[in-house]
Every structure is written in structure tokens, then in C-alpha cells.
Amino acid sequence: MVDAPRIGFVGLGAMGSRMASRLVDAGYAVVVHNRTRTRETELVQRGATPASSPREVASLADIVVGCLLDDDAVRQVYLGTAGLAGAARRGQVFIEHATFSPALAREIDATLEGRGASFLDAPVSGGPEGAAAGTLSAMIGGRDQCLAVATEVMRAYASHVVHVGPAGAGLELKLVNQLLVSCHAAAAAEAEELMRLMGVRLDVAASILDTSWASSAMLSRLLQRRQDRGTAPSEATIGGLGTPQQLVRELLAAHDLAPAVSLAALDLFADARARGRERHDLTELLGPAPC
């Protein structure tokens, strides 16, 4: 790709590996780093350049993209001794897709601004399937002067990119998204349990519910997995929502809110994790586990 920026990518988990893969497919020169170095292998075989540390990624790339796990990982990768900020330079753009604390996003933004670089918190929704298909939705917080170039890069894996507001605003909207996902998944699980006890055929139920006001992405996911007998391993798990749901609780508390439905849904997930369902798909909160 002539005159295209060189892209650095840090964090090659279920989401990040698919995003980075689409960047390679789009023709970008990509520099990659992951704490578990073996996850870099496939991308390197396809032409990506490996880097030994986040700081090396920043030194080699024009735009740096991250898709990290949680606050601890984000803080270490950006602000640690071998972190991205240490090599940040004027005009460089950093995009982080993790779901983490809005307060930490504002701290990183201030640090990078002090070096003349720009930071965007850009959490995404759509799961690993959306990352692979290039259909993620991205919610951006940060200053708007670098939005055009960042959006062009994100188009490789996100079909819907929206600027929400200043640093941290994208994450705040993502936490609202996670709250709704939790509530919808909990309601769908209870509805499916009721249908199972009544003996309602799920293919019949799907033909009606998926086209009615009751429709939701979580309900559709649940009904489809049940009809497929849920044999495929999940990369969207009950355990994976643990940290985002804790951030949701903190956000609700910060605004002096204790909504009954929302907290009940979060508690249902917490109970499922306590019952050992961390690795189950997020639709498998209740009832017998799929075979």
C-alpha cells in the first residue's frame, strides 16, 4: 500500500489477532507484539514484523493500535518501563480497543499529549466474529484532529466508527453497551429456560422472536447456539465479561445509580462464574450446559 502509515499492533488475543490479520490483508505494513510471543507467529509468517517490546512497536510505527485485556495490561503496556509512551513522538497516533477504566484513558491521553502524540480510546462491539468479518462497531473518545487517519485504519476491521466525545467518552459508552449486553443475555437465558420447560421448539421460537420486538443480538445468539447444540468453543465467555461488568458497577456507583434490573443481571453473571461457568458462552447462564 503506497504511502500508507506503518501500523503497530499490541495484544493478539481473540479480538486483536483478527484485527491485525485484517490490517495485513488490507495491505498495511504491520509491526506486532504480544506478551505470549507465539501468538505473533502466524502474522509474521504472513509478512508482519515482530517487535520485542511495546516500546519497540512505538519506535517503528506511525500509528499504534492496542487490543489489551484490562486496566493492569493497559497501564503496563502504555506507561510501564518498556511501554509505548516512552517511545511516543510528535504526530504519532495511539488507538486502544480494550475495555478499561475511563479514568486511565484520560491519564494515558494526558501523558501522550505531553509528548505531542494523540490517544484515542476506541472500544469495540461485535465480538471475535465481528473482528474477523470486519463489521465491528467502534466508539471513540479523544481529540478530533487525528480522527480521519485513525478511522481510515479502523475501517479494515470496523464498519461503524463513531466519535463520542473527549478522552474516556468512548469507554463510558462501551460500558453502557456492556450493561445492555448483560441485561439482554440474562433475559434471553431466562426466556430460553422457560421455553425449555414448556417444551417449545427453539426453531419455531426463533422464527417469531427474531422478527419481533423481543429480538436482540443476545437472544439470536442463544437460539442459534442451542439449535447448533453449542458444540463450538466460545471466545465470548461469561468469565470474559467479569472485568467489564465490574467497571459497569463502578460507573453506576459513580453516578449514584442502583438500577434493579441492571444489578440483577450483573449478579446473575457473578453467580454463573461462582458456579464454574467462566469458560461457557455468555448465553449459557442457566439450565443444563450444552453437550
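The values are calculated or read from the model by the stated rules, or taken from the named source; none is laboratory data. These numbers come from a predicted model, not from an experiment. All Cβ positions, glycine included, derive from the backbone under ideal geometry; neighbour counts span all protein chains shown.
Report, by residue number, each residue of segment 84-110 that is among the basic types (Lys, Arg) and either touching a residue at least 40 places away in the same chain (Cβ under 8 Å) or under 18 Å from MET154 (Cβ atoms) (or both). Matches in segment 84-110: ARG106 only.
Residue-level check: of (1) modelled with pLDDT under 95; (2) buried (at least 19 other Cβ atoms within 10 Å of the Cβ), TYR78 misses just (1).
Note on segment 8-24: among residues that are of a type in the set (A, V, I, L, M, F, W, C) and over 14 Å from the mean Cα position of the chain (by Cα), the one that is surrounded by the most Cβ atoms within 10 Å (Cβ to Cβ) is PHE9.
The set of residues from segment 1-36 being in contact with a Phe, Trp or Tyr (Cβ under 8 Å, 6 or more places away or on another chain), assigned to a loop (DSSP other than H, G, I, E, B) and not basic (Lys, Arg) comprises MET1, ALA4, PRO5. Annotation note: of LEU247, LEU223, LEU257, the sole residue that is modelled with pLDDT of 95 or more, of a type outside the set (Ser, Thr, Tyr) and over 21 Å from the mean Cα position of the chain (by Cα) is LEU257. If you go through segment 105-121 and keep only what is buried (at least 21 other Cβ atoms within 10 Å of the Cβ) and either at positive phi or in contact with a Lys or Arg (Cβ under 9 Å, 6 or more places away or on another chain) (or both), you end up with ILE108, ASP109, ALA117, SER118, PHE119, LEU120, ASP121. The residues of segment 141-174 that are assigned to a loop (DSSP other than H, G, I, E, B) and either farther than 22 Å from ARG22 by Cβ or more than 14 Å from the chain's Cα centre (by Cα) (or both), listed by number, are GLY142, ARG143, ARG155, ALA156, PRO166, ALA167, GLY168.
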